[in-house]
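The values are calculated or read from the model by the stated rules, or taken from the named source; none is laboratory data. This structure is a prediction, so every number in the text was calculated from the model and none was measured. Neighbour counts run over all protein chains shown; Cβ positions are idealised from the backbone, glycine included. Ligands, DNA and RNA are excluded from the accessible area calculation, which covers all protein heavy atoms including side chains. Shrake-Rupley method; radii C 1.70, N 1.55, O 1.52, S 1.80 Å.
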Amino acid sequence: MKALVLGGGGREHALAWKLAQSPSVQTVYVAPGNGGTALDERLHNIALTDVVALREWAQQARIDITVVGPEVLLAAGVVDEFRQHGLRIFGPTQAAAQLESSKAFSKDFMRRHGIPTARHETFTDAVLAHQYVQDQGVPIVIKADGLAAGKGVVVATTAEQAHQAIDDMLTSNSLGVKHNQVGACVVIEEFLAGEEASFMVMCDGESVLPLATSQDHKRLLDQDQGPNTGGMGAYSPAPVVTSEVHARVMREIIIPTLEGMKKDGIVYTGFLYAGLMIDAHGKPKTLEFNCRLGDPETQPILMRLKTDLFSLLWAATGSQLGELGDDAVQWDSRTALGVVMATRGYPLAPQFGDTITGIAPEAVDTKVFHAGTAWDGHHLQTHGGRVLCVTALGRNVQMAKESAYLKVKQIAFEGQQYRSDIGHLAIRSTTAPLPDLPVGKT
Ligand code: AMP
Ligand code: GLY
């Protein structure tokens, strides 16, 4: 079989690395890939990013299965394009991907279908938005509509920050966020207190298969300080998702979402990612939906996946997920933890072109997933905001953390930035990890 992974980040490196381990897969192509996928002799980079060009190439190369990494391609309709030409692809259609590509769409969807989330209002008029903030007070959360790579969200603790965010998003559009047809739009929502977790599932349109839980660190700096980023590190499993919380998330969020989509005439296929806030009583609320796997959560999750990823994707693209049975997916019982190394200036003004040293050799149970890297002749260089995700398995989160940081300290590039406290919430937690759960029907 020939597999194609679309995207070029750390998540796609992990998907391609895992697919290449399948006995059913002879060749894995990655479009466009990165410096890490270029280095691995089992993987082949294809320098294409355009939806139609990708589909034409996949037809010519007789690709058996394609899996989509980034939201941008999903929002551009890559799944519709491939399917219209009879190609097997795992991901949501363009209509389904609106759950992520438009915050206004997803918030209205959740309200309509009674899916627990923060109270919100949507504004296109800055005067009304400012008035609403004045009425509600702080803390309050201001979100730009449209895809902003995790950076279009301001958690305002002062009224000044909230008003500034509204001006930035509605008046000056300083985030460069893609607007909907009617112009700039912000969602203003209630601040939720609690602990976050990332909850991802695979859907084939009929059945749903939960993946291992994980937790991401969105802020740039230690102690969850500094600006929001795409994610500075992650680990799996997330102890905050106890088996009771897991059952509630499936019952109150995941299944109603898939059923709600069906009621609205959209069959959801692909990975679905619910970003959760879990309060002190174990009640989960949805912060956001993503129509794809998380990055960097995928890197530790796939380090723990023992099941053949190809067989899962094959079943999910043939509507056979529900036939896989209770042992459909097996996880390494150890913890995996990934530390993102970012380039200087990330996330506001990332600078590229610095030489990276010290990646080889990798230790057993440690894997350096590349994201923003590229080869310049003989040198590996920084080529994107998040450069690497150094991921390690350990018997507990502390041991996984020690192994990952041991490797991080061997790697060097000019202006490197990384957090030193990835996993801090899990290390503090005393909650037992979650047992793996079976396939459920939607
Ligand atoms: P989002 O892109 O919507 O997931 O938001 C990015 C980050 O902002 C989340 O991971 C949270 O840390 C924070 N955040 C978003 N919405 C809220 C909320 N309603 N209450 C508290 N924090 C939030
Ligand atoms: N790590 C968060 C995301 O992928 O959206």
message: If I ask for residues that are open to solvent by less than 10 Å² (accessible area, probe 1.4 Å) and away from ligand 1 (no atom under 15 Å from the Cβ), which ones from the range 214-240 would you list?
response: Tyr235, Ser236
statement: Picking from Ala432, Ala426, Ala392, the residue that is modelled with pLDDT under 95 and touching a helix residue (DSSP H, G or I) at 6+ places or on another chain (Cβ under 8 Å) would be Ala426
query: Within the range 164-185, can one find any residue that is assigned to a strand (DSSP E or B) and at pLDDT 85 or above?
result: no
task: Could you list all residues from the range 253-267 that are more than 21 Å from Asp295 (Cα to Cα) and more than 16 Å from ligand 1 (Cβ to nearest atom)?
output: Ile255, Pro256, Leu258, Glu259, Gly260, Met261, Lys262, Lys263, Asp264, Gly265, Ile266, Val267
field: Which numbered condition Met261 fails, given (1) crowded, with 21+ Cβ neighbours inside 10 Å; (2) in contact with an Asp or Glu (Cβ under 8 Å, 6 or more places away or on another chain)
entry: (2)
- request: Take the range 269-300 and flag every residue that is β-branched (Val, Ile, Thr) and within 11 Å of ligand 2 (Cβ to nearest atom).
  value: Thr298
field: Sole exception among (1) at pLDDT 95 or above; (2) away from ligand 1 (no atom under 12 Å from the Cβ) for Ala197, by number
entry: (2)
- request: Kindly check whether there is at least one residue in the range 241-256 that is β-branched (Val, Ile, Thr), within 17 Å of Gly423 (Cα to Cα), at pLDDT 95 or above and within 11 Å of ligand 2 (Cβ to nearest atom).
  value: no
task: Look at His113 and say whether it is open to solvent by 10 Å² or more (accessible area, probe 1.4 Å) and closer than 24 Å to Leu276 by Cβ.
output: yes
statement: Pairing a residue in the range 234-259 that is among the hydroxyl-bearing types (Ser, Thr, Tyr) with any residue that is assigned to a helix (DSSP H, G or I), where Cβ atoms lie under 7 Å and the two sit 6 or more apart in sequence or on different chains, gives Tyr235/Pro300; Tyr235/Val397; Tyr235/Ala400; Tyr235/Ala426; Ser236/Pro300; Ser236/Ile301; Ser236/Arg304
field: Contacts under 6 angstrom Cβ, first residue in the range 362-387 being open to solvent by 20 Å² or more (accessible area, probe 1.4 Å), partner hydroxyl-bearing (Ser, Thr, Tyr), 6 or more apart
entry: Lys367/Thr391; His379/Thr355; Gln381/Thr355; His383/Thr373
Condition met for Ser319 (of a type in the set (Ser, Thr, Tyr), in contact with a strand residue (DSSP E or B) (Cβ under 8 Å, 6 or more places away or on another chain), in a loop (DSSP other than H, G, I, E, B) and more than 16 Å from ligand 1 (Cβ to nearest atom)): yes
field: Single residue of the range 41-53 satisfying the filter (in contact with a helix residue (DSSP H, G or I) (Cβ under 7 Å, 6 or more places away or on another chain) and more than 14 Å from Met1 (Cα to Cα)) that is modelled with the lowest pLDDT
entry: Leu48
message: Going through Leu6, Leu15 one at a time, which residue ends up being open to solvent by less than 10 Å² (accessible area, probe 1.4 Å), assigned to a strand (DSSP E or B), closer than 20 Å to Gly230 by Cα and within 16 Å of ligand 2 (Cβ to nearest atom)?
response: Leu6
- request: May I ask you to list the residues in the range 231-275 that are among the polar types (S, T, N, Q) and in contact with a Ser or Thr (Cβ under 7 Å, 6 or more places away or on another chain)?
  value: Ser236, Thr242
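A quick yes/no check of all residues on (1) basic (Lys, Arg); (2) in contact with a helix residue (DSSP H, G or I) (Cβ under 6 Å, 6 or more places away or on another chain):
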| site | (1), (2) |
| --- | --- |
| Leu337 | no, yes |
| Ala342 | no, no |
| Ile356 | no, no |
| Ile359 | no, no |
| Thr366 | no, yes |
| Thr373 | no, yes |
| Leu380 | no, yes |
| Leu388 | no, no |
| Lys409 | yes, no |
query: Is it the case that some residue within the range 394-412 is touching a residue at least 12 places away in the same chain (Cβ under 8 Å) and farther than 20 Å from Pro300 by Cβ?
result: yes
